[in-house]
Amino acid sequence: MISVKNLSKTFGSVRAVRSISFDLHDGEIVGFLGANGAGKSTTLKIMTGYISPTAGNVFFNDYNIQDHSLKIQKDIGYLPEVNPLYTEMKVYDYLQFNAEIRNIKGQNFKNAFQKVVDECGLAEVVHRTIGNCSKGFRQRIGLAAAMIHDPKILILDEPVSGLDPNQIVEIRKLIKELGKEKIVIMSSHILQEIQATVDRIIIINNGKIAADGTSDELLTDASGKTRLTMEVDNAEENTIQDMKATIPAISIRSITKNNGSKIIDLEYPKANDPRPDIFNYAVKNNWIILEMVPSKQNLEEIFRNLTKNGDSTVE
Ligand SMILES: Nc1ncnc2c1ncn2[C@@H]1O[C@H](COP(=O)(O)OP(=O)(O)OP(=O)(O)O)[C@@H](O)[C@H]1O
Ligand SMILES: [Mg+2]
């Protein structure tokens, strides 16, 4: 398990990361989502031991990254935001070079090479010069290099950025597959890029965690309220307004007329589901319920609301 505890990082007057905390558990694929400048890369760089925090720490099974970076880095595969490929090298040579840095040689290299080539689907390009590979392949090569030592944790900074839609689908599939046996955290500033890949989304804004949960949890409104839309026939406006007196948990957001019927938009706290009470109230007042559906706020809308002031990290 990885535990990020009260992490902060200041660059001069810029507070890039402000006391953030979260845990990553085995078997999780987590999306780290935030607008440009929100603090994603800074957090990921601290997690890899590449830069030190101003305050706080990151723990990997009780070892902290500041005192045990060499030990922990054996378990981490890191794909930086700018994929550091040597474009004039052949794919094979580049992977061998990355393996040698980690002291993986001889038969160990052959095994490791075969594993990453299979996992990342690189068989057709292993003897090609990196500069002649497509962007999608380059991203796979970067991933293969980051995984040559078979790390337990993959930290991927914007791994699908700049890829075309087909390449995004392919890398997404690959990351999902890798996530079956590794903890994966991947960043993005575009919701759609990661929504389909990850189990959980952590939203960072202005260096702080703005939300953390599964898509469904985030959809249950950032304020912890669920919305319900009802279409009813035979309901007078005053009996609709009076419903609040009988069922205090609800707030009526709007009542609109719709060809004789009425559409009621209301909300209630997640923990307090009043739908049976609403049904009984409707029966008592001879309403005819035509429809009753929990309406979910759009995840895109939640993300936009939570990340509105993404660029103002200076105080
Ligand atoms: N080495 C640095 N020196 C000074 N300021 C920095 C440095 N690195 C990052 N920053 C600032 O810290 C803030 C967070 O940057 P960071 O790169 O972590 O954001 P990000 O979420 O990764 O953004 P992007 O989506 O653009 O990659 C920004 O305001 C950035 O300008
Ligand atoms: Mg970044």
Item to check | Order by protection proxy (mean Cβ within 10 Å, highest first), peptides 147-154, 212-219 | outcome: 147-154, 212-219
Next on the checklist: Projecting each Cα onto the charge dipole of the chain (Lys/Arg +1, Asp/Glu -1 at the beta carbon, about the Cα centre), which of Val293, Leu266, Asn132 comes out farthest on the positive side?
Outcome noted: Asn132
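Calculate for the chain the 222 nm mean residue ellipticity that helices alone would give, adding -39,500 (n - 2.57) per DSSP H run of length 4 or more and normalising by residue count, nearest 500 deg cm²/dmol.
Values: 11 runs with 103 residues, N = 315.
Calculated from helices alone, the mean residue ellipticity at 222 nm is -9500 deg cm²/dmol.
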Checklist entry - Under unit Cβ charges (Lys, Arg +1; Asp, Glu -1), what dipole magnitude, rounded to 20 debye, does the range 81-141 have relative to its Cα centre? => result 60
Item to check | Cross-link reach list, aspartates and glutamates versus Lys257, counting only Cα pairs under 15 Å and skipping chain neighbours closer than eight places | outcome: Glu231, Asp233, Glu236, Glu237, Asp265, Glu291
Checklist outcome for this item: Length-normalised contact order of the chain, Cα under 8 Å, at least 6 apart, in percent, tallies to 22
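Note down the net charge around Lys45, summing +1 for each Lys or Arg and -1 for each Asp or Glu among other residues with Cβ under 15 Å from its Cβ.
-1
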Next on the checklist: Need the list of aspartates and glutamates near Lys135 for cross-linking: C-alpha distance under 13 angstrom, and skip anything on the same chain fewer than eight residues off.
Outcome noted: Asp164, Glu170
Checklist entry - Going highest first, how would you order 264-270, 123-129, 183-189 by mean Cβ packing within 10 Å? => result 183-189, 264-270, 123-129
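Calculate the dipole size of the chain relative to its Cα centre from +1 charges on Lys and Arg beta carbons and -1 charges on Asp and Glu beta carbons; express the result in debye to the nearest 20. Walk me through the intermediate numbers first.
Numbers: 37 positive and 40 negative charges, 160 e Å.
I would put it at about 760 debye.
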Next on the checklist: With a 10 Å cut-off between alpha carbons and a GNM built on the chain, which of Glu181, Glu231, Glu158 moves the most?
Outcome noted: Glu231
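At a 10 angstrom cut-off on C-beta neighbours, averaged per residue, how do the peptides 199-210, 103-114 rank from highest to lowest?
The most tightly packed comes first, giving 199-210, 103-114.
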Checklist entry - For q = 0.15, 0.17, 0.28 Å⁻¹, what log10 I(q)/I(0) does the range 225-295 give under the Debye formula with an equal point scatterer on each alpha carbon and no solvent? => result -0.41, -0.53, -1.59
Checklist outcome for this item: In the neighbourhood of Asp277 defined by beta carbon distances under 15 Å, the net charge of the other residues (Lys, Arg +1; Asp, Glu -1) is 0
Checklist entry - log₁₀ I(q)/I(0) of the range 2-219 at q = 0.15 Å⁻¹, via Debye over equal Cα point scatterers, no solvent, to two decimals? => result -0.97
Item to check | Charge dipole (debye, nearest 20) of the range 225-295; +1 at Cβ of Lys and Arg, -1 at Cβ of Asp and Glu | outcome: 220
Next on the checklist: Tell me which DSSP H helices of the chain clear both cut-offs, 27 Å or more of axial length from alpha-carbon atoms and a mean Kyte-Doolittle hydropathy of at least 1.0.
Outcome noted: none
Item to check | Sequence-distant aspartates and glutamates (8 or more away, or on other chains) whose Cα lies within less than 14 Å of Lys74 | outcome: Glu100, Asp150
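Read the figures in this text as sums done on the coordinates, not as results from a lab. Predicted, not measured: the structure shown is a model, and the values here were computed from it. All Cβ positions, even for glycine, are placed from backbone atoms using ideal geometry, and neighbour counts span all protein chains on display.
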